[in-house]
Structures are given as C-alpha cells and as structure tokens.
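One structure below.
Any read-out appearing in this document is the output of simple, stated calculations on the displayed coordinates, not a laboratory observation. Every value quoted in this text rests on a predicted model; they were computed, and no experiment measured them. Ideal geometry is used to build each Cβ from the backbone, glycine not excepted, and the neighbour counts take in all protein chains shown.
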Amino acid sequence: MSTPHRPEPYEDIPGTQVFDAQRLREGYHLNMFCMSLMKDANRQVFRADEPKYLDQFPMTAEQREAVLTRQWNRMLELGGNIYYTSKLGATDGLSFQNLAALMTGSTQEQYLQMMIAGGRSPNGNRSKSEWKNRG
Amino acid sequence: MAKLIAGVMTSHVPAIGAALDNGKSGEPYWQKVFSGYEESKNWLAEIKPDVVILVYNDHATAFSLEIIPTFALGCADEYIPADEGWGARPVPVVKGDPDLAGHIAQSVILDEFDLTIVNKMEVDHGLTVPLSLMCGQPKEWPFKVIPLCVNVIQYPPPTGNRCYNLGKAIRKAVESYDKDLRVVIFGTGGMSHQLQGPRAGFINSEFDNRFLDKLSTDPVALTKIPHLEYIREAGSEGIEMVMWLIARGALDEDAKEIRRFYHVPASNTAVGHMILENAPY
C-alpha cells in the first residue's frame, strides 16, 4: 500500500494527487523509469522485454505491477506524476487526451464529447465530501 | 536602451503543436483554436521584436526529478527542440541572445531573485507551441528567444506574488541594457486544466474569465491567489497560470489590452490568450 499522506489542505481535492515532496520520494524511481523512455533506444528495449527492463529501476512491487498492467491511476497513487507517466503513455502510442479518458473511466468518444461540451464542471468536483456518494 | 514593449499570454497545449505539425490545423476542431491567433500573428509581425523572453515550463524534458530549478534562465546561443517521446517537433532551432540573457541574470540576481543559469538545454512544447501559435510555420523564428523556465510540476511552484515581482525585476534589467532592442515577453501555460486522475478534464471557465479580466485591469489582485485555490478551482495543472504573472509584472500596471481570446477545448485544456501593450517609450 502507499504511505498515508500528511493531512495537507490539498488532500481534500478529489481525484487529484498533488506532486509534493512526499510523493516525489515515493515515486522517484517509478518516474525516472518513465523518464528513461524519452530515448527511442530505451523504448525499444522496454517493449522487447518489459519486466527485464524494469529490473534496472528499484521500484516497489506495487509500482512494478501498476506499470506492467498499465493501471494509470494506480501509478499516480503510488507517487507517479502525469508528466512522467505520460511518457509511458507515449511509448504505447497514447496522447494526454487518450490517457485522460482511461483515467476517468470514459471511452475516448465520451471524453472528447465532454471536453467539446465545456469540460468537467467545477460544481460537485471541488471537495472529496462531494464525491462520497460516487460509485 | 532596450525597451520592453508588450506582453503575450497564451496556453501551450502540446496537441496544438501536433495538430499544426500533422496538417490538421484546418479541421473544424482546431480551426476554432487557430482562428483566435490570426490577428495576433499579424500584430507580432508588425511590431517586429528583436528578442522574446519566453516564460514557460519544462514538462520533464530538459529537467527530470534529478534537478528541479524553480526559475531557470536560458543563456545559450541556441536551443534544440526536444524529442518528448514522439520524435522532435519539426520546427526551427530556437536562437538565443546570450548577451542580453547574461545581463538579465546578473541584474535580477543582484536584485535578489536567485535564478539558475542554464547554458545547455533542449526545449519542449511549452516553449515551441507558443512560438508556433504566434508565428505560424516559418523556416526560421523571426526573433531571438530567451527561455525562462519555471517549475510548476513539483509542488510548490513559486507564488504568484514572487512571479509578479520577478517580472518587474526583468523589466528593470531589460531597460538597463545598452543595446537598442525591442523586447516582448510571453507568459505561457494554463488556463484551467487537469491532466491527471479521475478529475481529468476539469475546466472552470468562470475562473478563467475572471482571471483574464483581472490580468488586464487589476493584476495585483491575482498575485494573492493561493496555490490551493488554483488547484481546486482551475485544476492541478491550472497552477501554470502563475507564469503569466511574470510576464504581467514586466508590463505597466495599466498596460493596454489590445487582444483577448478564450476557447474550450484544446485536447484537455481551456485555451486563453491576451496581448497587453506598454505605453510607448
């Protein structure tokens, strides 16, 4: 499990992991793995044998599992940062918009249409108290 | 002496660059974005700046988690567009102005803004998309660029107030430079957006439009917005808007708004754009 986060005021914002010093420490190796995918040569080695490539990075077993199974929200909960995990996305041919659809549990078309209609409203999405009854 | 003549604020969404590079700018979805910049391109071509100071953030490209400078000033001769995982954007190499950049670094550091000096750096969409929006697809960029890279990824970014005051120090530095140059400052990023997690797609048009109003007429009010409010009200990546306050700080408090544009969406993001001119010197 990820370490419980200190009770900062921003922890009340739903569906949001603020990338602070605690998450930096937790996610350092996960994010630096993603950073390595900026180089095409590394992307090719990674694609050829993902578990073996990950052996170079001292990530936790949970982080490793989240990467191998492409659990995009779980990576963020375990200290991943979207600007880094998006490099894994790019390796898979996924854009930021593609990833956003996956992380919000939408189809690509539903997400596109939500954005064209003005995006996700702030109403009902400001505080965790407003998300209590979500399934 | 050098003159700081105007400020250009704009979002820097990567998909805008991809749309342009892949010949999709004429599609209705993207036309709504690009049409907002047509008059602005003409304006920029007409005022012909010698140098643009371009405030932006690096997206885990030149800087990783190994080194995280809060403010990094580019003092190099040139900056190569980076491969961000998709191959580098097919845009010209960005030419710097190391002499003016060095002068700015010296001036603002002695003014107690402790910048990091960068002499070698690749630049990502944060810097090249605003250039594309304002210049189109030229063979060479029509001016030199001084990149000012701001950390907005690792919490906490600098405060809006700190950014605004840095902008003032930059203006002072520009105006004490002994060459007769015309300088424009770009503030980029924003507006409301969230890229991460189950709240991705967050857009707050009311917040954005209030921000644009205040940016024009009462920028000091914006310097008081706490980080918590940006994240809650404008999305976790909406906090990039503090970078606009650096550019705004380099302008007259009563600078003249000559252009404004707001559109939702470009990919995950609300696109905002404003041009403000200083009173003629």
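Observations
- Per-residue mean of C-beta atoms belonging to partner chains within 10 Å, peptide B:218-228: 1
- Exposure proxy shown here: for A:LEU30, B:LEU65, the number of other Cβ atoms within 10 Å sets the order, fewest to most, as B:LEU65, A:LEU30.
- With contributions of -39500 (n - 2.57) from each DSSP H run of at least four residues, the per-residue ellipticity at 222 nm computed over chain B stands at -10000 deg cm²/dmol.
- For the stretch B:111-171 and the stretch A:29-77, distance of Cα centres in Å: 30 Å
- Average beta-carbon neighbours from other chains, 10 Å sphere, peptide B:81-94: 2
- Relative exposure of B:LYS172, A:LYS39, judged by other C-beta atoms within 10 Å (fewest first): A:LYS39, B:LYS172
- Counting neighbouring beta carbons within 10 Å and listing from fewest to most, the residues B:MET1, A:MET75, A:MET38 come out as B:MET1, A:MET38, A:MET75.
- Size descriptor, Kirkwood hydrodynamic radius, that averages inverse alpha-carbon separations across the stretch B:7-81, Å: 15.3 Å
- DSSP beta bridges in the protein assembly as shown [antiparallel fraction, %, rounded to 5]: 45 percent
- Label-to-label distance, B:ASP218 versus B:ALA279, with points set 7 angstrom from Cα along the beta-carbon direction: 2.2 nm.
- A:ARG47 versus B:ASP83: modelled label distance in nm, points set 7 Å from Cα along the beta carbon direction: 1.2 nm
- Alpha carbon Rg of the stretch B:147-204, scaled by the compact-globule rule 2.2 N^0.38 Å: 1.55
- Residue of B:SER216, B:SER176, B:SER236 that the Gaussian network model of chain B assigns the largest fluctuation, springs spanning Cα pairs under 10 Å: B:SER176
- By DSSP, the beta bridges lying fully in the stretch B:3-277 are antiparallel in about 50 percent of cases.
- Residues considered: A:ARG23, A:ARG47, A:ARG64. Largest GNM mean-square fluctuation over chain A, using C-alpha springs under 10 Å, is found at A:ARG47.
- Measuring r between the beta carbons of A:ARG74 and B:ASP99 and using R0 = 45 Å, the FRET efficiency lands at 0.35.
- A Stokes-Einstein calculation at 10 °C with viscosity 1.306 mPa s, built on the Kirkwood radius of the stretch B:3-277 over Cα pairs, returns a diffusion coefficient of 87 µm²/s.
- Shielding of peptide A:93-100 by partners, expressed as the average count of other chain Cβ atoms within 10 Å per residue Cβ, is 6.
- Equivalent ellipsoid semi-axes - Cα gyration tensor, the stretch A:17-131, angstrom: 27, 18, 11
- Estimated FRET transfer efficiency (B:ILE68, A:HIS5; beta-carbon r; R0 22 Å; 0.05): 0.65
- Contour excess over end-to-end distance, with Cα ends at B:GLU38 and B:ILE109 and 0.36 nm allotted per residue: 21.8 nm
- Along each principal axis, Cα extent of the protein assembly as shown, largest first, Å: 61, 45, 44
- Base-10 log of normalised Debye intensity for the stretch B:31-120 (one unit scatterer per alpha-carbon) at q = 0.17, 0.19, 0.21, 0.24 Å⁻¹: -0.97, -1.11, -1.20, -1.28
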